[in-house]
Amino acid sequence: MAPQTFGRRGATAPPPRGLFQPVAAPIAPAIMPDHAGSPSDEGSLFRDNKLLADIPFLTLGLIAGLVLIFALQRSLAIDVATGGALDPRSLIAYGASSYDLVVGKGEWWRIGLAPLLHGSQSHLIGNCVALLIVGVRLEPLIGRGWFSLIFIASALAGVAGSLLGNAPGVPSVGASGAITGLIVALFVSSFDPEANADQTISRLKTSLFFGVPALLPLAFGASGNTDYFAHAGGALAGGVLALMPWLLFSSHHSLQPSLSTTLLAGFAGALICAGFAAAHYSSYMADAAQYARISELPTNGGGIAGRSLDLVTRYPKDPRAHLTRAIFFLEQGRLGAAETEVRAAMSLAASDVAGGPVRSGAQGLMAIMLLAQGRHSEAKAMAAEPCRARLAEVRRLLQKSKLCD
């Protein structure tokens, strides 16, 4: 059975306690305003047809939009790895966000695009599955106006959390901040006094099933490729907005935001940001030609040994090529040559828009090399930034060497 809305479906007056307006309430027009005093076409249609009222049209529309955007990303990508991951330089050209790009280069338009992009097929599928399951429960419960407002606000707050929490040069994309905001909103909205116990338990289980893995890693350092700081930002926005009907309730005012206004504002903002991205697209793609494609990079030790010289020769500006060459020299026991290549990688990565993770990896490798030479204080200083970067593999090696203590 589809979850019920707060209050009674079709009621024109709000319930005695401050709650979300029902999705079927005809107080605020959902698409275009009619003349004063008449219910919207959507409100009338959904009120008279319970099946239509419970179909999460907005959730399905958001999923379709994200899928179409990813299809466009893939068609324009510089390269696609074997596992379906898009080249990071493609993501940056599309609008990926990082502190260096948004704040350092003043490319604020990335804030409106990064939540709509995804780095791989698995990334997209995981987010869409979570959005569908949460949306099926939440959208009929709080109404499409609140749902759209929470999604947009949580998306923006997720980018803010990412910029504040991640290392400056680490780019980030994905709708998980917006989805985490919806998850937390479902948790807060589950405590509807008019819902029965089964409904409350079911909604709480859904929100905890997705919310705990989305937020719990923050308590343990939030390392890895998942942007948990975006989750935190989205969760904060979603929780605050879900509480607003209780905090700001007035029997004389509707608390259901206008769906058409919210969506129009969100679409217009994304369109403006996309215009700025289009203006910068050619320059980022031209710069990308000087770097190795993601499918060209070796994924194992044998590949590094066999292709490092070729990569350095063909892509002398690519810090990843010099880092693979350094690993090759380490395997040969040539520490001096390895240190030269690592320092070259760090220098090149400092001016590379996609070089944040490579810089942290090179610094981590340098720290371990210095420690092996007995230069403990230098190794500790070199490890400071990669320890803060929270890149899982690098951090694990440094912690094993006790350089992140």
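The values are calculated or read from the model by the stated rules, or taken from the named source; none is laboratory data. In this text the structure is predicted, and so the values were computed from the model without any measurement. Virtual Cβ from ideal backbone geometry, glycine too; neighbours counted across all protein chains shown.
Things to note:
- Of the residues in segment 193-214, none is closer than 26 Å to Arg110 by Cα and either surrounded by fewer than 15 Cβ atoms within 10 Å (Cβ to Cβ) or not assigned by TED's automatic domain parsing to the domain that holds Ser98 (or both).
- Any hit, segment 176-191, residues being in a loop (DSSP other than H, G, I, E, B) and either modelled with pLDDT under 95 or surrounded by fewer than 24 Cβ atoms within 10 Å (Cβ to Cβ) (or both): yes
- The residue of segment 363-388 that is farthest from Ala289 (Cα to Cα), among those that are aliphatic (A, V, I, L, M) and either exposed (fewer than 15 other Cβ atoms within 10 Å of the Cβ) or in contact with a Lys or Arg (Cβ under 8 Å, 6 or more places away or on another chain) (or both), is Ala372.
- When segment 93-108 is filtered for residues that are surrounded by 23 or more Cβ atoms within 10 Å (Cβ to Cβ) and not in a loop (DSSP other than H, G, I, E, B), the ones remaining, listed by number, are Ala93, Tyr94, Ser97, Leu101.
- Cβ pairs under 6 Å, 6+ apart, first in segment 193-212 and part of a helix (DSSP H, G or I), second polar (S, T, N, Q) and at pLDDT 85 or above: Thr200/Ser190; Arg203/Ser190; Leu204/Ser190
- Residues of segment 316-343 satisfying the condition of being outside any helix (DSSP H, G or I) and farther than 19 Å from Gln373 by Cβ: Pro316, Lys317, Asp318
- Gly119 vs. criteria in the same structural domain as Val240 (by TED's automatic domain parsing), outside any helix (DSSP H, G or I) and crowded, with 22+ Cβ neighbours inside 10 Å: yes
- Test: residue in segment 323-343 that is of a type in the set (Lys, Arg), closer than 30 Å to Tyr228 by Cα and either buried (at least 18 other Cβ atoms within 10 Å of the Cβ) or touching a helix residue (DSSP H, G or I) at 6+ places or on another chain (Cβ under 7 Å) (or both): no
- Look at (1) in contact with a Lys or Arg (Cβ under 9 Å, 6 or more places away or on another chain); (2) under 28 Å from Gln363 (Cα atoms) and you find that Ser120 fails only one, number (1).
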